[in-house]
Every structure is written in C-alpha cells, then in structure tokens.
1. Being under 15 Å from Asn52 (Cα atoms) and in a helix (DSSP H, G or I) is the filter; apply it to segment 20-32 and report the residue that is nearest to the chain's Cα centre (by Cα).
2. Please go through (1) in a helix (DSSP H, G or I); (2) at positive phi for Gly62 and return the number of the only condition it doesn't satisfy.
3. Using the structure shown, decide if Ile48 is in contact with a Leu (Cβ under 6 Å, 6 or more places away or on another chain) and either at pLDDT 95 or above or part of a loop (DSSP other than H, G, I, E, B) (or both).
Amino acid sequence: METSYDIQGMTCAHCARSVSEELSAIDGVTSVAVDVAAGTATVASASILDENAVRAAIEEAGYVLARPGLLPLL
C-alpha cells in the first residue's frame, strides 16, 4: 500500500534525505520517495501506518506534516 503525505518546509536534497531516513525507520515501511518540489513523501508499507508515528518521524526530521490523514493511493 502507498500513502502520500504533504510536508511543509522541505527545500533541498538534505531535507529529502532527513525525511526519508526518519520515515524509513517506522515499522512496516518498505520504501519512501520524497519529492521536495511537490512537498510530498510517498510511503509504501505493508499496512496502514499510525498517523502519530508518521507525524513524529516528520517532526523529528525538522518538518511539519501539512495535511494529516490522506487516503492511500490506489
């Protein structure tokens, strides 16, 4: 399953790496693709992720989850 998250504050490749590393550390995450220009992270996982864990990971990287609770991509 893939879910896309809007993230505020990313401006460069370092931002993308930080967000990717933190999101990848969440149990069940199989891959992360961060698009700095779009301000999004697309996360592939075995099951639906806990929104609080996603928010905490993004905040740990130094950014803000802009729109929580987005639906999985079909």
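1. Step by step, filter segment 20-32, then rank; the result is Leu23.
2. Of the numbered conditions (1) in a helix (DSSP H, G or I); (2) at positive phi, the odd one out for Gly62 is (1).
3. In short, no.
The values are calculated or read from the model by the stated rules, or taken from the named source; none is laboratory data. Everything numeric in this text was worked out from a predicted model, so none of it was measured. Cβ: placed from backbone, ideal geometry, glycine included. Neighbour counts: every protein chain shown.
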